[in-house]
Amino acid sequence: MSSKKTQTDLKSSKKIAEEEPKSTKNVTTQTTLEAKPKPAQPAAQLIQKILDCQFEIFGIVQGVSFRMYTMRRAEKLGVRGWCMNTPRNTFTGQIQGYEPAFEAMRLWLEHTGSPTSRIDKCIFGTTNILQEFTFDSFTIRNE
């Protein structure tokens, strides 16, 4: 009996031959990439700025769980400070955080808020750079 290979057999053996070098190459590349040490960053790049500002929000912001949602968002982002409803039917507070979290919180306060709120206007006070946090967490204050 002669051992003739069918086209299917030839294709299978060709695929196996092509796949072996690729998988070996990938493993070698991954090992090489993982073995390289990461360059040290200068100390100045590791220090993050702590930003601070006060805010007041106008619109439908009372009776819509704005304080609770604000506290949840602040805790999620790692932002500290406080918030409260005012007798003028506005919502006010102060936020402190590292720059990326601080900016994310500002955007959330200005554009999102609680699901059933309506933000007509949001005023932010001057943004200050702090040496250290002055709040331990984010809290809700009473009027």
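The values are calculated or read from the model by the stated rules, or taken from the named source; none is laboratory data. Nothing here was measured: the structure is a model prediction, and the numbers come from that model. All Cβ positions, even for glycine, are placed from backbone atoms using ideal geometry, and neighbour counts span all protein chains on display. For the accessible areas, the whole protein counts, side chains as well, though only heavy atoms, and no ligand, DNA or RNA atoms are used. Shrake-Rupley method; radii C 1.70, N 1.55, O 1.52, S 1.80 Å.
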Q. Mind listing which GluC sites (Glu not before Pro) in the range 71-136 are in a DSSP loop and have 13 or fewer other Cβ atoms within 10 Å?
A. 132
**Q.** Heavy-atom accessible area ranking, 1.4 Å probe, most first, across 118, 80, 141
**A.** 118, 141, 80
